[in-house]
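In what follows, a single structure is set out as structure tokens and then discussed.
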Amino acid sequence: MHIDQRRTAVALAGFCSFLNLYAPQSVLPLLARELGATPADVSMTLTATTLAVALIAPFAGTVADVVGRKRIIVTAMFVLVFPTIMVAFAPTIHALIGWRFVQGLVLPPIFAVTVAYIGEEWPPAQAAGVTGLYISASGLGGFFGRFISGIAADFAGWHSAFLLLAAMTLVFAVAVAMLLPKEQHFRGSSGLSKSTRQMLHHLRKPQLLAIYAVGFGVLFTFIATFTYVNFLLAAPPFHLSSSMLGSIFVVYLAGSIVTPLTGRAVARFGRRTIVLAAIALAIAGLLVTLLPSLPAIVAGLTIVAMCGFMSQAVSTSFVPAVAPEGTSSAVGLYVSFYYIGGSAGAALPGFVWNVAGWPGCVAMVIAAMLAMATIVALFWREKPVISA
């Protein structure tokens with residue numbers, strides 16, 4: 001019972017944070033019309049959040065290395081409710097971007113510290129599998145955030161959609177506060193200065209830097225793909241509504257189904273092999289999205305989602321294994337690089353879109369994936385994890 005509650009709690013934490021993180025994605029064309037913004041401008045509602053996450057993540061980790069895990073996670077979940085309500089009442093695109101930035105400041109204490117909690121509270125042979133469960137729940141949260149906002153926006157407007165998400169966030173905060181056990185294996189730093197030194201020490205480890213670079217690439221490709229495909233599908237000949245765009249993100253469920261199997265795959269083949277295979281398959285999926293067919297595009301997006309979730313689960317679980325000391329700050333740095341990649345993925349393809357449309361965005365994403373593959377091939381040298 002205790003173990004089931006623990007797994008349920010970390011899954012709910014992941015679900016809740018990603019429920020809010022990408023919620024505007026399915027209503028971007030609607031926001032652009034109602035607020036008089038361009039695709040590049042309205043994509044800032046994603047860039048602002050991911051940039052805020054990148055800025056605060058390392059510091060959330062250093063504080064958690066001193067204070068502890070559960071206290072930080074639960075407090076952040078309750079605080080998240082307020083900026084989510086304010087997003088719902090934003091009168092302009094600038095106000096919306098501002099409150100989305102505030103949301104991003106609150107998210108790292110949830111997911112960065114949860115990953116550290118998993119790495120410390122489960123044995124190494126099980127941590128990759130539990131991280132896979134957490135990533136799977138995060139994927140479900142990402143899907144439902146987009147799906148709920150799209151459906152609610154069509155029926156009651158985008159303001160009501162974000163109010164609904166705020167109410168759901170409050171419910172999940174209460175659930176995690178009740179279900180998540182206090183950490184048992186936490187080894188705290190003696191103070192913030194020592195934790196900060198540990199964080200800086202992580203930046204001198206080549207293996208960690210290689211993991212961080214892959215994290216950057218994973219979210220760059222995710223955000224670039226799943227942001228700008230909305231503008232492709234909202235335009236002729238597809239003309240998809242906000243609710244239909246939200247439904248497209250059902251492809252995330254494929255990633256959520258596959259990701260819990262990551263632990264077994266890592267145990268058998270090793271992290272390096274799994275990520276290289278996932279990148280190769282994701283490139284194939286992207287090429288499929290160039291076909292002028294909605295079923296083909298959905299199939300290609302499904303492949304990209306599955307491979308992206310697996311790559312994220314493998315690289316995330318790699319961090320605690322490489323950095324057993326100062327784990328939260330190491331994970332916080334990973335999250336920072338990850339969301340810097342997401343910020344770049346939301347902003348940079350906007351310039352390419354204006355010149356070359358969707359084919360140009362696909363070319364940019366494939367170039368990023370090839371760079372990731374090169375880093376993994378050269379620097380991710382490690383033995384497979386043998387499961388007990």
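The single residue among Ile85, Ile97 that is free of Cβ contacts under 8 Å to residues at least 60 places away in the same chain, over 14 Å from Cys16 (Cα atoms) and assigned to a helix (DSSP H, G or I) turns out to be Ile97. Within the range 111-134, is even one residue touching a Leu at 6+ places or on another chain (Cβ under 6 Å) and either on the phi > 0 side of the Ramachandran plot or part of a helix (DSSP H, G or I) (or both)? Within the range 111-134 (the criterion being touching a Leu at 6+ places or on another chain (Cβ under 6 Å) and either on the phi > 0 side of the Ramachandran plot or part of a helix (DSSP H, G or I) (or both)), the answer is no, since none of the residues qualifies.
For beta carbons closer than 7 Å, sequence separation of 6+ or different chains, a first residue in the range 274-301 that is free of Cβ contacts under 8 Å to residues at least 24 places away in the same chain and a second that is part of a loop (DSSP other than H, G, I, E, B) and buried (at least 22 other Cβ atoms within 10 Å of the Cβ), the qualifying pairs are Gly300/Thr289.
With respect to the conditions (1) assigned to a helix (DSSP H, G or I); (2) open to solvent by less than 60 Å² (accessible area, probe 1.4 Å); (3) of a type in the set (A, V, I, L, M); (4) at pLDDT below 90, Ala213 falls short on a single one, namely (4).
Trp122 satisfies every condition listed in (1) touching a residue at least 60 places away in the same chain (Cβ under 8 Å); (2) surrounded by 20 or more Cβ atoms within 10 Å (Cβ to Cβ) except (1). Taking the range 279-298 as the range and being open to solvent by less than 50 Å² (accessible area, probe 1.4 Å) and under 30 Å from Trp158 (Cα atoms) as the test, the residues that pass are Leu286, Thr289, Ser293, Ala296, Ile297, Val298. Scoring Ala52 on the criteria (1) over 19 Å from Leu233 (Cβ atoms); (2) buried (at least 23 other Cβ atoms within 10 Å of the Cβ); (3) of a type in the set (Gly, Ala, Ser) leaves a single failure, condition (2). Selection of first residues in the range 1-30 that are without any contact (Cβ under 8 Å) to a residue 40 or more places away in the chain and of second residues that are hydrophobic (A, V, I, L, M, F, W, C) and open to solvent by less than 10 Å² (accessible area, probe 1.4 Å), restricted to Cβ pairs under 8 Å at least 6 apart or on distinct chains, gives an empty result.
Are any residues in the range 227-278 part of a helix (DSSP H, G or I), within 16 Å of Pro295 (Cα to Cα) and open to solvent by less than 50 Å² (accessible area, probe 1.4 Å), and if so, which ones?
At the first step, the residues of the range 227-278 found to be part of a helix (DSSP H, G or I) are 227-234, 242-248, 251-269, 271-278.
Checking the rest, the ones that are also within 16 Å of Pro295 (Cα to Cα) come to 229-230, 232-234, 244-248, 251-252, 254.
Val229, Asn230, Leu232, Leu233, Ala234, Leu245, Gly246, Ser247, Ile248, Val251, Tyr252, Ala254 - these are the residues of the range 227-278 that are part of a helix (DSSP H, G or I), within 16 Å of Pro295 (Cα to Cα) and open to solvent by less than 50 Å² (accessible area, probe 1.4 Å).
The values are calculated or read from the model by the stated rules, or taken from the named source; none is laboratory data. Every value quoted in this text rests on a predicted model; they were computed, and no experiment measured them. Neighbour counts run over all protein chains shown; Cβ positions are idealised from the backbone, glycine included. The accessibility values were calculated without ligands, DNA or RNA, using every heavy atom of the protein model including side chains. Shrake-Rupley method; radii C 1.70, N 1.55, O 1.52, S 1.80 Å.
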